[in-house]
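**Student:** One structure follows; several queries about it will come next.
Read the figures in this text as sums done on the coordinates, not as results from a lab. Only a predicted model underlies this, so the values are computations on that prediction, with no experimental measurement involved. Every residue, glycine among them, receives a Cβ derived from its backbone with ideal geometry; neighbour counts consider all protein chains shown.
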Amino acid sequence: MTAIQVAPAAVEAGQDTAVRVRGLVKRYGGRAVVDGVDLDVRRGEVFALLGPNGAGKTTTVEVLEGVRRRDGGEVTVLGQDPATAGRAWRDRIGVVAQSTGVGDALTVRETLDHFARYHGTARPTAELLAAVGLAEAAGTRVARLSGGQRRRLEVALGVQGRPELLFLDEPTTGMDPVARRRFWELVRGLRAGGTTVVLTTHYLDEAAELADRVGVLSGGRLVDVAPPAELGAQLRRVATVRWTEDGATREVVTPEPAAVLRDLLAAHPAGEVPGLTVTRPGLEDVYLSLVGATPEGETR
Amino acid sequence: MTAVLSPATTRPAPPSALAIGLARTGLELRLFVRDPAQVVFSFAYPIVMLVIFASVFAGEDRPGGVPFAQYFLAGIAATGIMLTSFQAVGTALAEERERGDLARLQVIGTPPLGYFLGKAGQVVVTTVLQLAVLLTVAATAYDVPMPDGVGRWLTFAWVVLLGAVAGTVLGIAVASAGSSRAVGNGISAFAVVLQFFSGVFFVFSELPSWMQEVAAVFPLKWLVQGMRSVFLPDAAAVAEPAGSWEHGTTALVLAAWVIIGLVVCARTFRWRRTA
């Protein structure tokens, strides 16, 4: 192996990389729900794992958090293997999961005050309450919170220990649009401060809004990784040219729409081509193609 | 406007298991008092037992001419300890696991020992309060003589403590066996049968010898016997299976169950039902 080949790998596994995954496999009852995922998350970036329900997002994140055993592959998170890392490592990561309870009988403030005592260092309760917009509900018992408020409390608990790396598993589930916006602001604030964020979502707008890079998971495999605007580069190069001819809609899907247009214009020397449109796939079209759920009516 | 939130630049080591155990003892107690059903059940059950036993069998004497209420106070106190430790912990833990409360503790980096200490702390406090209420009622309403002398109170203290700790670790151990429903039902059924075998409802020495032998394997029989040594006059010791209170054996059996429970906990404790 030459020095030139070694160098990038050394950088990759070093200080610039928060998460490094190679060939991750997780099986349930013989069925692989995560099937050979390779993934790198750089320090300081917001990385979104996007995919439909059952794509393996939660399982992947749970392996990274060290709460689920893997059946194959290598995983390094903040320089350590999550399967064996200890408390000091765990105190450096924050987790907002889907399956964790908060208890019902305490108030919001009591809950935050209590869990502050588990960390080496903790954000003040007042700061957390303000950041997630629960200041007015501070004295409310958790049992009486709405689903969205409860989710915000869980987000507050996730960032309480001032983590370097934050995992957010479908964090905005149940939040109303205002709370969702506020949560996005919180994530931007964390990013601005240098926190690495790995979030899963099935909301495209959320991924586009927050993520530096998006990984699309489908059937346990990572089918694409790119900044949101560049996702599905191959698919985006294709345009659809539509026009009306003899009362019927004609459609051509092509990587070279200009050539199609030149032919069309030549065929209509008199001027206008009726009903002419040229469209390129939006994020949603690209996403649906990537996860293998081609939108209805699209011919390929 | 985006508020910048930075990660910690210096990070002290996370608090010790002992510190978390203390914090959790406070939390567990707070959760306990906010659950009226649990409070009523824990405190009222032994007293209701005492009232029923003393009323039904009023006037009957037991070995050594001991009044009924005095003889059975030992069994009722022991049952109370089992209730607030083994039964309460096993049931609560299975529910906490099912609700995902334990998964939260896991992702936040709680040392299992800190969690166990919190349970044990809560159990010791609630057990002491429960026994205080029970003994007060027994002494004032049924004229049961309280233990005389420091020696008896010391015996009372170590029997309560060992019994409560054994109950706690065994409760944690069995809570991993299944769903909260299965664990709750299993513990209740087991506890009732064990009470019959261990001389809570009957005079132990009058039970068939095979029942006595089965009971001697489990901690409750020793807990009841230890309590009899506290509440009965020394003359009553001749009615015991060995003709004495067997304090040494009692301590050994209870300690052995603590160790067995700890080994099982260390090997089987899980924050989640699946990994």
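**Student:** Scan around A:S218 for amide H atoms under 5 Å from its own, H built in the peptide plane at 1.01 Å from N, and keep only partners 5 or more places away or cross-chain.
**Tutor:** Here the answer is A:V223, since their amide H atoms fall under 5 Å of that of A:S218.
**Student:** Hey, got the average number of other protein chain Cβ atoms within 10 angstrom for residues in B:97-106?
**Tutor:** Mean shielding by partner chains, rounded to a whole number: 5.
**Student:** Just to confirm the number: angle between the C-alpha axis of helix B:247-268 and the first principal axis of chain B, 0 to 90 degrees, nearest 10?
**Tutor:** 30
**Student:** Give the range of the longest stretch in chain A that excludes all GluC sites (Glu not before Pro) found in loop regions by DSSP and having at most 10 other beta-carbon atoms within 10 Å.
**Tutor:** It runs A:1-271.
**Student:** Report the far tail of the P(r) of segment A:19-227, meaning the percent of Cα-Cα pairs longer than 23 Å.
**Tutor:** The proportion of pairs with Cα distances above 23 Å equals 43 percent.
**Student:** Which value at 222 nm does chain A reach when only helices count, each DSSP H run of 4 or more adding -39,500 (n - 2.57), with the total divided by all residues and rounded to the nearest 500 deg cm²/dmol?
**Tutor:** Here the helix-only value at 222 nm equals -9000 deg cm²/dmol.
**Student:** With +1 on each Lys and Arg Cβ and -1 on each Asp and Glu Cβ, and nothing else charged, work out how big the dipole of chain B is about its Cα centre, in Debye to the nearest 20.
**Tutor:** The calculation lands at about 1340 debye.
**Student:** Another question about this same structure. For a bin width of 5 Å, list the pair-distance distribution of chain B built from all Cα-Cα distances, rounded to whole %.
**Tutor:** That works out to 1, 6, 12, 17, 17, 15, 11, 8, 6, 3, 2, 1, 1, 1, 0, 0, 0, in percent per bin.
**Student:** Toward the positive end of the charge dipole of the protein assembly as shown, about the Cα centre and with charges on Cβ (Lys, Arg +1; Asp, Glu -1), which of A:A135, B:V253, B:P241 goes farthest?
**Tutor:** Of A:A135, B:V253, B:P241, it is B:V253.
**Student:** Scanning chain A for helices, which whole DSSP H stretches are 18 Å or more long along the axis (Cα) and average -0.5 or more by Kyte-Doolittle?
**Tutor:** The qualifying helices are A:147-159, A:177-192.
**Student:** Rounded to the nearest 20 debye, what is the charge dipole size of the protein assembly as shown about its Cα centre when +1 sits on each Lys and Arg Cβ and -1 on each Asp and Glu Cβ?
**Tutor:** So the dipole magnitude of the protein assembly as shown works out to roughly 680 debye.
**Student:** Another question about this same structure. With +1 on the Cβ of every Lys and Arg and -1 on the Cβ of every Asp and Glu, and nothing else charged, how large is the dipole of segment A:239-279 about its Cα centre, in debye rounded to the nearest 20?
**Tutor:** Roughly 80 debye for segment A:239-279.
**Student:** Of A:T173, A:T84, A:T196, which is farthest along the charge dipole of segment A:82-223 in the positive direction, counting Lys and Arg as +1 and Asp and Glu as -1 at C-beta?
**Tutor:** Farthest along the dipole direction, towards plus: A:T84.
**Student:** Now, a different point. What is the helix-to-structure angle for B:68-82, meaning the angle in degrees between its Cα long axis and the longest Cα principal axis of chain B, kept from 0 to 90 and rounded to the nearest 10?
**Tutor:** On a 0 to 90 degree scale, this one is about 20.
**Student:** Find which of A:L261, A:T240, A:V223 sits farthest along the positive direction of the dipole of segment A:193-279, computed with +1 on the beta-carbon of Lys and Arg, -1 on that of Asp and Glu, about the Cα centre.
**Tutor:** A:V223
**Student:** Moving to a separate point now. In a Debye calculation with equal point scatterers on the alpha-carbon sites of the protein assembly as shown and no solvent, what is log10 I(q)/I(0) at q = 0.07, 0.10 Å⁻¹?
**Tutor:** So the normalised log intensities work out to -0.57, -0.91.
**Student:** Another question, then. Under the Karplus relation 6.51 cos²θ - 1.76 cosθ + 1.60, θ = phi - 60°, what is the ordered set of whole-Hz ³J(HN,Hα) values for segment A:42-53, x standing for Gly and Pro?
**Tutor:** Couplings: 7, 4, x, 9, 9, 10, 10, 9, 10, x, x, 4 Hz.
**Student:** As I understand it, the value is the acute angle between the Cα axis of helix B:219-231 and the longest principal axis of the Cα atoms of chain B; what does it come to in degrees, rounded to 10?
**Tutor:** Taking Cα atoms only, the helix is inclined about 60 degrees.
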